[in-house]
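Read-outs: derived from the displayed coordinates by stated rules, not from any lab. Predicted model only: the values in this text are computed from it and were never measured. Methodologically, a virtual Cβ is constructed for each residue, glycine included, from the backbone with ideal geometry; neighbour enumeration extends over all protein chains shown.
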Amino acid sequence: MKPIILKIAAVIITLFALITLFMSTSVIFDLFGIREKEGNYVLFVVISNFIAGFLYLFAAYGLFTEKVWATKLLLITTTILIVSFVGLLIHANTGGIYEQKTIKAMLSRIAITGAFAGISWYFITKKTAQ
C-alpha cells in the first residue's frame, strides 16, 4: 500500500511541478501572452513559485524512490511559499497592486505542498525512524 501511495503522490507532484514551471516561466519571460492574462502579478511570488516548481521535481523523485530527504525538501518548499505569502500580504497591505486570485492560489499551493510533506513524513520519514 505504501509504495503505491508514494508513486501516485510522485506522479501528481510531478504534474503540479510541470504546470508550475510552465506558468511561472511564461509570466517571467512573457511567453504565449500569459503575462497579460495574469493581470497584476507580483514578481517575487512568481519567482518563488518558479523555485518551488524545481523543488517539486526533486521531491517527486524523492517520493518515488522513498528517500527521507523528500520530507525536508517539501518542508523547505512550504517555508519558501509561506515567506513569499507573508511578503505578498505586506505588499497588498502597503498599497501594492495584486490580483485577489494570487492570495487564493498561494494558500492553495501552501496547503498542497504541506499535504505532500505530510504524506512524505507519514510514509517515509516516520516509518524509517521506527
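Each of Lys2 and Lys104 was given a label point 7 Å from its Cα along the Cα-to-Cβ line. The distance between the two points is 3.9 nm. Seen from Phe123, the other residues with C-beta closer than 14 Å to its C-beta sum to a net charge of +4, counting Lys and Arg as +1 and Asp and Glu as -1. Note on Val11 and Arg35: the model spin-label points, each 7 Å out from Cα along the C-beta direction, lie 3.6 nm apart. Shown here for segment 38-130: GluC sites (Glu not before Pro) in loop regions (DSSP other than H, G, I, E, B) with at most 15 other Cβ atoms within 10 Å, namely Glu99. Short-range pairs are left out: with C-alpha atoms under 8 Å and at least six residues apart, the relative contact order of segment 2-125 is 31 percent. Remark: spin-label model distance Val68-Val86 equals 2.8 nm, labels positioned 7 Å along the Cα→Cβ axis.
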